[in-house]
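What follows is a short report on a single structure.
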Amino acid sequence: MQLEVTESFFIAHATPSAGGTGKRVHGHYGHVTFRISGRMDVKTGMVEPASALQDVCHSTLMDFVKDQDANPQVIDLNAIAGIHPTMENFILFLQERLRPKYPGINISLYWWEESEYRVSTDG
Ligand SMILES: [Zn+2]
C-alpha cells in the first residue's frame, strides 16, 4: 500500500541555467507530495499514521521557510546551500534528508503555469 501527504508552499528561485525569465528571481505555488510504501499494520489498519508522515514532511519543509509568520510561506531555493536551485534538485535534497526515517520515500513536486509541471524522484 502507499500513503501520500501533500504540502503546499510558495517556492522562489532563480535558475540562470534555464535562460529566459527564469534567470530572475520568481516564484511558483508548488505542491510537494511525499509517498511511502509499506505493509498495513493489521493492529492499526494503517501503513503508518498519516499524521506522523504529515508532521515529518511539514517540519522538513518548514526548515526552509525563513519567515514562519509570513503569508504565504516561502521556500527560497536559492538560500539552500549546495544545491543548484531547481525543483529537481530540491526534491532530491528532501529525499536524502528523509531517507534515514523513510528509506523508500518518493517525492514529487508539481506547479501550474499555463500547464501543469511535475517532477518526481525515482525512489
Ligand atoms: Zn521557476
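The values are calculated or read from the model by the stated rules, or taken from the named source; none is laboratory data. Quick caveat, the model's predicted, so the values are computed rather than measured. Cβ coordinates were reconstructed from backbone atoms using ideal geometry, including for glycine residues, and neighbour counts include every protein chain displayed.
Quick notes on this one:
- Being surrounded by fewer than 14 Cβ atoms within 10 Å (Cβ to Cβ) and either without any contact (Cβ under 8 Å) to a residue 60 or more places away in the chain or within 16 Å of the chain's Cα centre (by Cα) (or both) holds for only one residue in Glu116, Glu48, and it is Glu116.
- Strands (runs of 3 or more DSSP E) contained entirely in the range 1-90, each with at least 1 residues that are within 11 Å of the ligand (Cβ to nearest atom) and either under 22 Å from Asn106 (Cβ atoms) or aliphatic (A, V, I, L, M) (or both): 2-13, 26-37
- Near pairs, Cβ below 9 angstrom, 6+ apart or cross-chain, from the range 64-83 (under 17 Å from Thr15 (Cβ atoms)) to any residue that is surrounded by fewer than 10 Cβ atoms within 10 Å (Cβ to Cβ) and at pLDDT below 95: Val74/Asp67
- Remark: pairs (first residue in the range 1-30, free of Cβ contacts under 8 Å to residues at least 12 places away in the same chain and under 17 Å from Val119 (Cβ atoms); second residue among the hydroxyl-bearing types (Ser, Thr, Tyr) and not in a helix (DSSP H, G or I); Cβ separation under 7 Å; 6+ apart in sequence or on different chains) = Gly22/Thr15.
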